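Below is one structure, written out as structure tokens; comments come after it.
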Amino acid sequence: MAQGAAAAASVRRANHFSFSGGGIHVDYLESGINGRPQLNYHDRNIAKSFSGDEITTNPGTPLGSLVTVTLRFVVDVSSTTFTVLIPDTTVNSGGSASITTEGVTTLHKTPFALPQANLGQHDIYTVTRLRGTANFVQT
């Protein structure tokens, strides 16, 4: 029984995820320095690092955790966000797991003129298949 308890103790919920696909690379740590989340994003045009309140996390959705950052913001015109779906994942201590997930880049058109000039869809989605690894990092 002690062996079973020791084996169970070595299984951890993954807290570090590294994904790539479609020219996008994402590295996400649920709680890095000072217990704050950290996310590094880069694609062909942008390289940005985010931490703490710059990251919106929605845990426990039917899709897993949704982790969102704002890549661009142009007042009264548009913003672009990136959301990565983080699946619930367990790993052995010191081990990793292969992960396949999706990243959603959303262009949000901001209506600033008369309402009738802003008819139609305001959010445009681009979905990218991401593959990578999940592991547990002691912080």
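The values are calculated or read from the model by the stated rules, or taken from the named source; none is laboratory data. This structure is a prediction, so every number in the text was calculated from the model and none was measured. Cβ placement follows ideal geometry from the backbone for every residue including glycine, while neighbour counts extend to all protein chains displayed.
Quick notes
- Residue in the range 12-19 that is surrounded by fewer than 15 Cβ atoms within 10 Å (Cβ to Cβ), closer than 19 Å to Phe136 by Cβ and without any contact (Cβ under 8 Å) to a residue 12 or more places away in the chain present: no
- Here Asp53, Asp123, Asp76 are screened, and the one residue that is of a type in the set (Asp, Glu) and touching a strand residue (DSSP E or B) at 6+ places or on another chain (Cβ under 8 Å) is Asp123.
- Any hit, the range 52-67, residues being at pLDDT 95 or above and farther than 22 Å from Val137 by Cα: no
- Residue among Val104, Val91 that is surrounded by 12 or more Cβ atoms within 10 Å (Cβ to Cβ), modelled with pLDDT of 95 or more and over 22 Å from Ile24 (Cα atoms): Val91
- Check on Thr57, more than 16 Å from Arg129 (Cα to Cα), in contact with a helix residue (DSSP H, G or I) (Cβ under 8 Å, 6 or more places away or on another chain) and part of a strand (DSSP E or B): no
- Here Ser79 fulfils each of the conditions (1) assigned to a helix (DSSP H, G or I); (2) surrounded by 15 or more Cβ atoms within 10 Å (Cβ to Cβ); (3) of a type in the set (S, T, N, Q) apart from (1).
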